[in-house]
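This report refers to the structure that appears directly beneath it.
Where a number appears in this text, it was derived from the coordinates with a stated rule and is not lab data. A quick note: this is a predicted structure, and the numbers were derived from the prediction, not measured. Cβ sites come from the backbone with ideal geometry, for glycine too, and all protein chains shown count toward neighbours.
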Amino acid sequence: MKKFNFTKMQSLGNDFVIIDQLNHKFKLNKKNIKDISSRKYGIGCDQILILEKSNKKNIDFHYRIYNMDGTESGQCGNGAKCVGKYYFEKYGKRKKNIKIKTISTNLNITYVNKNSIMVDMGKANFNNNIAVGKNYFLYKKRKYFFSSIFLGNPHAVFLVNKLLNFDLKGFAEAFNKKKFFEKGVNISIIEKIKDNHWRARIFERGSGETNACGSAACAIAACLQSAQQMTNSEIKHKNSYIHMNGGKAQVKWTGKIEDSIYLLGDSKYVFNGTYSL
């Protein structure tokens, strides 16, 4: 029976199993991923994050992200905060910046202080990647308009009323069945609290509704700010605050398409353990 060590971490209630393979690489299959992620039969997490050795000098490590259903994701901002903190404290105590690579993007991570990690989430891509050529979804005889953005993963952002009582699971599953996005999409539903503050619920493809999602928070902020600039040439805000079930995420962006979007916040250790496959 094969055993390995792991670290459980969370950021804004978005929880992860961290598997360090920097010094010893071993393969996990789809069933292993599902078993480890299970909250009833395994460790339990939203996603499994694996650190792998990089052969490139300018990349500190490869960062693999696996959803609960065993599929691999290209982006996870809260996960990046967790693996960043883990790496800084175990391997890079003298470092302030590291660069990591996922299957779809490179990320720069900055150690701000013991309570804050900053993740450069890359540039917003608003180019239309919708398979179905329309920006609204007809659900229960009502049209729901959405904005789309690619930020390591595809995201669709909907403005709704009565967010807390909204049937997000049914809505998300029905939306993805229509194949607006060929490989599915992360869905965010939002409502305004006050200027620059928005409440959000997130349904991640492959994982379902989660307490928080860093890339979704950035996608929401970028979509809102981009829409705002269509009617106002001045950038009113460079900081957005997205309030999710797990807590509040801070997003910084100049609003300029050539500039990166930044996610800032804390991540925490939950426990360490050993798991048998």
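Structural remarks
- For a straight C-alpha distance cut-off of 15 angstrom, the aspartates and glutamates reachable from Lys25 (same-chain residues fewer than eight places away being disregarded) are Glu52.
- Among Tyr241, Tyr91, Tyr63, residue whose mean-square fluctuation peaks in a GNM of the chain (springs only between Cα atoms under 10 Å): Tyr91
- Among Lys238, Lys177, sorting on how many other beta-carbon atoms sit within 10 Å of each Cβ, with the fewest leading, yields Lys177, Lys238.
- On Cα atoms only, tilt of 77-90 relative to the major axis of the chain in degrees: 30
- Extended-chain gain in nm, criterion 0.36 nm per residue less alpha-carbon gap, Arg199 and Ala174: 6.8 nm
- Counting only residues at least eight positions apart within a chain, or on another chain, the lysines with an alpha carbon under 25 Å from that of Lys178 are Lys134, Lys140, Lys141, Lys143, Lys162, Lys169.
- Shown here for the range 66-123: trypsin sites (Lys or Arg not before Pro) in loop regions (DSSP other than H, G, I, E, B) with at most 10 other Cβ atoms within 10 Å, namely Lys93, Arg94, Lys96, Lys114.
- Legend: distances between Cα atoms for Lys34/Lys101; Lys90/Lys123; Lys8/Lys248; Lys31/Lys248; Lys90/Lys192; Lys183/Lys252; pairs beyond 31 Å are Lys31/Lys248; Lys90/Lys192.
- Neighbour counts of other Cβ atoms within 10 Å put His243, His24, His155, His197 in the fewest-to-most order His24, His197, His243, His155.
- Spin-label proximity, Lys114 to the range 1-33 - amide N less than 20 Å from point 7 Å beyond Cα toward beta carbon: 8-12
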